[in-house]
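To keep things clear, I will list the structure first and then write my remarks on it.
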2 protein chains.
Amino acid sequence: MSEKKAYVNYGSCQCGCGCEGARDITGCRFSLSPMTDSYVDIILGAIKKVDTSKVWKMTDKLSTLYRGRRIHVLDGLKACFVQSYREGVHMTMGATISKGCPGDVDADAFLAEDDVRMNEPVLADAHFPVTCKISLYPMGVSNYMEYIASVVNRAIDMGVYAGSSHYVTILEGDVQDIFRYFEEATEYCGRELSHYIFEATLSVNSPTAE
Amino acid sequence: MSEKKAYVNYGSCQCGCGCEGARDITGCRFSLSPMTDSYVDIILGAIKKVDTSKVWKMTDKLSTLYRGRRIHVLDGLKACFVQSYREGVHMTMGATISKGCPGDVDADAFLAEDDVRMNEPVLADAHFPVTCKISLYPMGVSNYMEYIASVVNRAIDMGVYAGSSHYVTILEGDVQDIFRYFEEATEYCGRELSHYIFEATLSVNSPTAE
């Protein structure tokens, strides 16, 4: 008695092998976690307020996903985060920003042609402190630590670096500076790397002392 | 006028270069997010209940970190997750399991010699459904998609695979089966890869319909 299982097969794909069909698509999968009884209203309220006309979007049980051009994806991510901020409410947001996965397909994305950020005008005046951990995973290259060092040093240059810990780099700064850093870091990664994953967890209003 | 900045320099480290000082240390950095006003009590209560006598531990503003032998690190992770479960309370746990980072040091770990899991006896009877997303990042190898496929296919074999989506694989199953899968997946990765990162986000009691 044999059973045929529908296994996946990514084995023929390699970094830079040319079978990527999604070279220009940056994606971001993120989850908001407001630690309050009213988390549903906060999350759904924020997601509704975001202008997503320049990204492809999907929300499932675990996260919301934006795909499209890098600047518009980051604009949407920042909008969701800022719109869900509540004074005194502890919240984290886990975000996976990625580009160039060999298993990706040239679909589920909307590549708007212009550079006008749809949400930035209403976000520009938001200011609150953010603590953040980031990890960069440059795929398919043996010298990946060099790229990680470049991205960490960019945080030092921009004044948001707060230290290194096991598996992550810690950032601290105003929400505007943190997202400005995400812009620069992902611009660098998208230019220099065939496939990268940039993981970030942002935290506000943590009750934990330093 | 010149300013000297304390930049990081990971550039001389490469995967398998031999400068790793932490070959046997598996680490897990995780964050619990119970979405309720009583999140502090739940998190601190759970962390306190875990027997951490066989791992090195640290809690900072962003996460808790266990380091040591793989089985004891996973035992502690499972204990924290199970102990913080509350009927009807939506909670997520983000966990980064890693081994072999070239920038890691042979410190901040406790390598217990025996295989007796300290928490498992009180966890074995816990049963509740978990939805989970996972991503594996095998570092420093060009054929990394093969390893990812192996790990995803193991989930299919074990009956916890629920589908693939952009950037992640979705798992669904009883908490015991999900953690049994983590055991097998990280055993495989630790054996086959010089440096890997296994990211998982577990979710319980989500109000979002399928």
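Quick note: the coordinates plus some simple rules give every number you see, no bench work behind them. Fair warning: this is a prediction, and the values are worked out from it, not measured in the lab. With ideal geometry, Cβ positions are generated from the backbone for all residues, glycine too; neighbour counts draw on all protein chains shown.
The count of lysine pairs in chain B with alpha-carbon distances below 22 Å, taking only pairs 8 or more places apart or on different chains, stands at 14. Could you give log10 I(q)/I(0) at q = 0.11 Å⁻¹ for the protein assembly as shown, computed by the Debye formula over C-alpha point scatterers of equal weight, without solvent? The Cα Debye sum returns log10 ratios of -0.81.
For the range A:26-204, the residue among A:Ile47, A:Ala185, A:Tyr144 whose Cα projects farthest onto the positive side of the dipole built from Cβ charges is A:Ile47. Net length available on complete extension from B:Ser53 to B:Ala6 is 13.3 nm, with 0.36 nm assigned per residue and the Cα-Cα distance removed. Counting pairs of Cα atoms in chain B, how many percent are more than 21 Å apart? Tail of the P(r) past 21 Å holds 55 percent of the pairs.
Local charge for B:Gln176 was computed over the other residues whose Cβ lies under 12 Å away, with Lys and Arg +1 and Asp and Glu -1, and equals -3.
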